[in-house]
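Undergrad: This structure is in structure tokens; I'll ask about it shortly.
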Amino acid sequence: MKLLTCFTAFALVGLLAAAPTSNEEDDKVVVTKEFYIEDFVKYKAEHDIVNLLAPINSLNFEEDDSSSSESKEKDSDMIVFFVEADVQPDGSRVDQGLYVLKEGVAKKILNNGRDAAASGDDSKLVFFGAKDGLYVYNPTTNAADKYGPITDSIIAIAKEKDGDVIYILTEDRQVYKVTDNGEKKELLDDVVKANQIVVDYENNLFFYSDDKKPYVRTDDGVKKVEGLPEITGGVVLIRPPFFLDNGAPFIIDNKVYVLYPNGSSEVTDFEFTPNTMPTAFAPEAALLQYYAYDKKIYEYNVLALIVSSLLEDLGNYLNKQAVEIRSLSKNSKLKRKTQA
């Protein structure tokens, strides 16, 4: 039960990042290799999986005819995009393609694709950054179509919640704002030597540079995020789950923090043991999440985990009560026989 509880919390990494910290040691969630359960593997790759995306727009969430205000997640039909690469000892990558995982079948749709980003509105827009520019997903053909005239070598991509604004990080470490259906490209000269970019649901841009320290770009300009420890190891920015409107999870030396647009930060009770951190994260949908580890994609159905946990607790309780009832019944019968 303890493993299941922690395992559920692992799938809710974004929720943990948004939650206040605790001084109780027992409240800490420490990920070990036990979290990667074989039954949850959705795909096994031949190469490292370095990027994951689970779009939360109409590609995976459709209007429910039974309720105009409710939407539904298409559980087993969830469309997921991922990137494979061979990661070299120096951290560089050899591209092995961008794939779509649809109805349990993986298909390579871009040989030189490197990253994916989706809108958070009611559209079905998903964009890809590749060595030769921008592409957009075609749901009808289940393929990637060229988007606009941009031919930059793109290593990362981020998308604002709605509208057509896209941010691209190029191989020469420049960040551009792309608009007008991919026709217009504007250099963000205040974002210097970015290594990774993430946009939250209020369209704030988070990034970190060579010093590994995170920064946030808002309407007020760029500011350094404060309140973080000295960074001695690796760092990772994570796209936030949909309920974390303004902020982004950030991993420092295997511990999870949350960064806010006002330049503040907060540590969470979530951390990884050595060599257990996923190689890619997709927590966007919250209740159905995907993580890559050891060349495999794991699907975590949080709602199913919670239900099974409750059923297990209920079963244990009823079994305990049944034993006690049988014991009481036996004692009652013995007592009546003695009195007779």
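The values are calculated or read from the model by the stated rules, or taken from the named source; none is laboratory data. Predicted, not measured: the structure shown is a model, and the values here were computed from it. Please note: Cβ atoms are built from the backbone with ideal geometry, for glycine as well, and neighbour counts cover all protein chains shown. Each accessible area value is taken on the protein alone, full model and side chains, heavy atoms only, with ligands, DNA and RNA left out. Shrake-Rupley method; radii C 1.70, N 1.55, O 1.52, S 1.80 Å.
Undergrad: Can you find a residue that is open to solvent by less than 60 Å² (accessible area, probe 1.4 Å), in contact (Cβ under 8 Å) with a residue 60 or more places away in the chain and assigned to a strand (DSSP E or B) anywhere in the stretch 130-145?
TA: Looking for residues that are open to solvent by less than 60 Å² (accessible area, probe 1.4 Å), in contact (Cβ under 8 Å) with a residue 60 or more places away in the chain and assigned to a strand (DSSP E or B), one finds at least one in the stretch 130-145, hence yes.
Undergrad: Look at Tyr208 and say whether it is under 20 Å from Leu52 (Cβ atoms) and either at pLDDT 95 or above or open to solvent by less than 30 Å² (accessible area, probe 1.4 Å) (or both).
TA: Working: under 20 Å from Leu52 (Cβ atoms): yes; either at pLDDT 95 or above or open to solvent by less than 30 Å² (accessible area, probe 1.4 Å) (or both): yes.
Yes, satisfied.
Okay, residues lined up against (1) under 21 Å from the mean Cα position of the chain (by Cα); (2) farther than 24 Å from Ala285 by Cα; (3) buried (at least 17 other Cβ atoms within 10 Å of the Cβ):
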position	(1), (2), (3)
Thr170	no, yes, yes
Thr179	no, yes, no
Gly182	no, yes, yes
Leu187	no, yes, no
Asp190	no, yes, no
Asp200	yes, no, yes
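Let's see how each residue does on (1) at pLDDT 90 or above; (2) surrounded by fewer than 22 Cβ atoms within 10 Å (Cβ to Cβ); (3) assigned to a loop (DSSP other than H, G, I, E, B):
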position: Gly227; (1), (2), (3): yes, yes, yes
position: Phe243; (1), (2), (3): no, yes, yes
position: Pro274; (1), (2), (3): yes, yes, yes
position: Pro278; (1), (2), (3): yes, no, yes
position: Phe281; (1), (2), (3): yes, no, no
position: Tyr291; (1), (2), (3): yes, no, no
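Undergrad: Can Phe270 be described as within 24 Å of Asp190 (Cα to Cα) and not in a loop (DSSP other than H, G, I, E, B)?
TA: When the stated conditions are applied, Phe270 does not pass them.
Undergrad: Out of the residues in the stretch 65-101 meeting the condition of being crowded, with 16+ Cβ neighbours inside 10 Å, at pLDDT 90 or above and of a type in the set (D, E, K, R), tell me which one is nearest to Tyr290 (Cα to Cα).
TA: Once the filter is applied, the top-ranked residue is Glu84.
Undergrad: Does Gln321 fit the bill of being touching a Pro at 6+ places or on another chain (Cβ under 8 Å) and modelled with pLDDT under 90? Write out each step before concluding.
TA: Numbers: touching a Pro at 6+ places or on another chain (Cβ under 8 Å): no; modelled with pLDDT under 90: yes.
It is false that Gln321 is touching a Pro at 6+ places or on another chain (Cβ under 8 Å) and modelled with pLDDT under 90.
Undergrad: Does Asn195 qualify as being under 26 Å from Val100 (Cα atoms) and either of a type in the set (S, T, N, Q) or open to solvent by 10 Å² or more (accessible area, probe 1.4 Å) (or both)?
TA: Yes.
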